Amino acid sequence: MPEPLLVVSGVTAGYGRREAVRDVSIEVAAGQVVGLIGPNGSGKTTLLRVASRALKPWSGGVRVAGRDLYGLRPREAARLVAVVPQELSAAFPFTVRETVLLGRAPYLSSWGSGSEEDWAHARRAMEMADIAHLADRPLDELSGGERQRSVIAQALAQDAPVVLMDEPTTHLDLRHIVEALQLVAGMARDQAKAVLVVFHDLNLAAAVCDRVHALAGGRVVAAGPPEQVLTRRFLAEVYGIEAEVYPHAVTGRPTVVLQVPGIGPGR
Ligand code: ADP
Ligand code: MG
């Protein structure tokens, strides 16, 4: 059997001398969506940075499509791994179309206009992310959700086999959350990509992921299909909350319902 498209093995990493993740291993095969969950500060973004070649691990490694990610040239790496970061720098002086076309940078021969094919990829990506009507607007004048969709479109245009996303639905309204998750699922199912997504919202993770890995204090504390990981006991131990978990009435996937201590039935 060929090795999975993305293999993170035994990664320990941090900032300065401070360790942020310890001995984390995650594999994502073609066609899979894997979720990274865990409380604030548990190391999710750090792990995504390691897997996107932005933060070199202290030990352990990352393999993408059978190759050592940190042994590749930046351009080769960018053809293999697309990243949707948590926050886009606020002062990003480009229009939506230019932002999306930047996703084609690893394929452009020189820093220029892009080929017909590059433009076609960018156009298709903008349509998929529902931002074609915003193509000429400067990114810094958009709403958080419109900006988020532009960055998702950039990753779509990049067309890499491995896609990493850091809380891609944070700024989106409900309809755009559903559409973004359809895009995420489609990248895996229709395009056979390996997709690793950091989720803040456990219900969204449960709705779309084949497997989830939970981090706490920089370590993987649980991993498996959502229905195995997302239990009342897990929520109590890892998040320190009392919550109910029900199977979704239509999909059967786990659904976390919060309660606020001290507040009972309403009127
Ligand atoms: P998460 O994404 O799960 O909220 P992070 O990976 O951002 O967590 O952070 C993990 C730990 O690393 C936290 O303790 C955080 O304070 C620390 N950390 C994150 N980024 C930096 C940084 N740039 N410099 C120093 N420490 C950082
Ligand atoms: Mg984070």
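The values are calculated or read from the model by the stated rules, or taken from the named source; none is laboratory data. Since the structure is predicted, the reported quantities are computational estimates derived from the model, not experimental observations. Positions of Cβ are backbone-derived with ideal geometry, glycine not excepted, and every protein chain shown enters the neighbour counts. Just so you know, the surface numbers come from the protein's heavy atoms only, side chains and all, with ligands and any DNA or RNA stripped out. Shrake-Rupley method; radii C 1.70, N 1.55, O 1.52, S 1.80 Å.
A few points about this structure:
- Every pair of residues 6+ apart whose Cβ atoms lie under 9 Å, when the first sits in the range 34-50 and is on the phi > 0 side of the Ramachandran plot and without any contact (Cβ under 8 Å) to a residue 40 or more places away in the chain while the second is more than 6 Å from ligand 1 (Cβ to nearest atom) and open to solvent by 10 Å² or more (accessible area, probe 1.4 Å): 41/217
- Within the range 51-69, the set of residues being free of Cβ contacts under 8 Å to residues at least 60 places away in the same chain and within 16 Å of ligand 2 (Cβ to nearest atom) comprises 54, 55.
- Answer from 190, 201, 159 - the residue that is among the acidic types (Asp, Glu), surrounded by fewer than 21 Cβ atoms within 10 Å (Cβ to Cβ) and more than 21 Å from residue 128 (Cα to Cα): 201
- 1 or more residues within 16 Å of the chain's Cα centre (by Cα) and not aliphatic (A, V, I, L, M): qualifying helices (runs of 4 or more DSSP H) within the range 55-162: 144-158
- Criterion violated by residue 227 - all others in (1) farther than 25 Å from residue 5 by Cα; (2) among the acidic types (Asp, Glu); (3) not in a strand (DSSP E or B) satisfied: (1)
- Hey, residue 183 surrounded by 18 or more Cβ atoms within 10 Å (Cβ to Cβ) and not in a loop (DSSP other than H, G, I, E, B) or not: yes
- Looking only at the range 212-267, and only at residues there that are of a type in the set (Lys, Arg) and open to solvent by 90 Å² or more (accessible area, probe 1.4 Å), the one that is farthest from residue 47 (Cα to Cα): 267
- Check on residue 167, in contact with a Phe, Trp or Tyr (Cβ under 8 Å, 6 or more places away or on another chain) and among the acidic types (Asp, Glu): yes
- Filtered residues of the range 20-33 (kept if more than 16 Å from ligand 2 (Cβ to nearest atom) and in contact (Cβ under 8 Å) with a residue 40 or more places away in the chain): 22, 23, 25, 28, 29, 30, 31, 32, 33
- Condition met for residue 16 (surrounded by 13 or more Cβ atoms within 10 Å (Cβ to Cβ) and of a type outside the set (Phe, Trp, Tyr)): no
- Of the strands (runs of 3 or more DSSP E) lying entirely inside the range 1-42, those containing at least 3 residues that are within 15 Å of the chain's Cα centre (by Cα) are 18-28, 33-37.
- Any chance residue 135 is touching a residue at least 24 places away in the same chain (Cβ under 8 Å) and either within 26 Å of residue 69 (Cα to Cα) or crowded, with 24+ Cβ neighbours inside 10 Å (or both): no
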